[in-house]
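This report refers to the structure that appears directly beneath it.
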Amino acid sequence: MAENTQENLTNRMIKFLFEGAPVRGAIVEMQQEWKHVLENHQYPPNLISLLGQFTAGAILLASTIKFDGSLILQVKGSGPVSLLIAEVSNGLRVRAMAQVRSSSQINAKMGLQELINDNQSGQCSIILDPKDRAPGVQPYQGIVPLTGNTVSECLETYMRQSEQLETRLWLAADSEHLGGLLIQKMPGTGGTAAEANDPDAWRRIGMLAETVKLEELLSLDAPEVLRRLFWTEHLQVASDDAVMFYCNCSRDRTNAMLLSLGQDECMDIIKAEGKIDVRCQFCNRTQSYTKEDIEELFMEPSQDAALHGIDPERPQ
């Protein structure tokens, strides 16, 4: 992970521990990098807030695991928002997107349930996609119903039901900033010295964290938030790393996706449309192909998308 420097102090995640207590935590803030996530999209304010909260949540949940690959938080719903994805890959590289049904109208007062879970069939899943996943091997995926009136409640329910980890989250986002705080009871602490010496730690630290105001997560830098909340505790910073927007779409990845479709289907699209335009749903970059491009693509020695490490069903 990139160490923080002066210019990215407002795009960072700090992981911390409480000395002698079985509790760990993380805090995230993004400003300029969050604007990069949003700059090629025209989301309404309440959807920006929702996407930002899920993105902050994904970053914070990624802080709790040691994993070489991507953590993907995916929400599928039946409301105006059909799909929401926040992805955190190695080095705290982040991208996020939302899909809105073309026939839907978004009211400014709509919250989580109205936007995503209109008929109570929405699902929240966390996918762990290893960097070296072999072709044909499915990544780990945990799925729970989309419950709760806030993103924090939804993710806390996920962690409790799917991972059996006591976790609390406070999340906030607007078009300028993203912020979030996580505390978690460390797994496997039953009977350990830390819990025996400080059995009240989880309750006490939770009460302190409860005093955070969402506007503080958007207006104060992360160290100041921690200082205000936990000045009575012995807090140890474990890491302070830069968070950045990064989209891994590329011509090679799009080539692999088209190869997986097959030459006949690609040529049918060319005949109907005159060209093939493949737009990345995360950064809105478009890769365009002419008839000659497709013919050249299928003349290449390798026509196996798996050799490129591409999952054709995963958003590019």
message: For the condition part of a helix (DSSP H, G or I), charged (D, E, K, R) and either at pLDDT below 90 or over 23 Å from residue 86 (Cβ atoms) (or both), what is the one hit in 216, 295?
response: 295
- request: Inspect the stretch 251-266 for any residue being touching a strand residue (DSSP E or B) at 6+ places or on another chain (Cβ under 8 Å) and surrounded by fewer than 18 Cβ atoms within 10 Å (Cβ to Cβ) and give the result as yes or no.
  value: yes
- prompt: Taking interchain pairs and intrachain pairs at least six residues apart, which have beta carbon atoms under 8 angstrom, with the first residue in the stretch 238-250 and in contact (Cβ under 8 Å) with a residue 12 or more places away in the chain and over 23 Å from residue 23 (Cα atoms) and the second crowded, with 17+ Cβ neighbours inside 10 Å and of a type in the set (Phe, Trp, Tyr)?
  reply: 245/34; 247/282; 249/282
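So that you can scan it fast, the table gives a plain yes or no per residue for (1) part of a strand (DSSP E or B); (2) modelled with pLDDT under 95:
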site: 184; (1), (2): yes, no
site: 188; (1), (2): no, yes
site: 194; (1), (2): no, yes
site: 209; (1), (2): no, no
site: 228; (1), (2): no, no
site: 249; (1), (2): no, yes
site: 256; (1), (2): no, yes
Enumeration of residues in the stretch 77-95 that are surrounded by fewer than 23 Cβ atoms within 10 Å (Cβ to Cβ), in contact (Cβ under 8 Å) with a residue 40 or more places away in the chain and on the phi < 0 side of the Ramachandran plot: 78, 79, 89, 90, 93
task: Kindly establish whether residue 237 is within 30 Å of residue 49 (Cβ to Cβ), part of a loop (DSSP other than H, G, I, E, B) and either in the same structural domain as residue 293 (by TED's automatic domain parsing) or modelled with pLDDT of 95 or more (or both).
output: no
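Okay, residues lined up against (1) buried (at least 17 other Cβ atoms within 10 Å of the Cβ); (2) farther than 18 Å from residue 182 by Cβ; (3) at pLDDT below 95:
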residue	(1), (2), (3)
2	no, yes, yes
12	yes, no, no
20	no, yes, yes
33	yes, yes, no
42	no, yes, yes
52	yes, no, no
message: With the structure loaded, tell me whether residue 74 is surrounded by fewer than 19 Cβ atoms within 10 Å (Cβ to Cβ) and either more than 19 Å from the chain's Cα centre (by Cα) or among the polar types (S, T, N, Q) (or both) or whether it fails that test.
response: no
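The values are calculated or read from the model by the stated rules, or taken from the named source; none is laboratory data. Source: prediction; values computed, not measured. With ideal geometry, Cβ positions are generated from the backbone for all residues, glycine too; neighbour counts draw on all protein chains shown.
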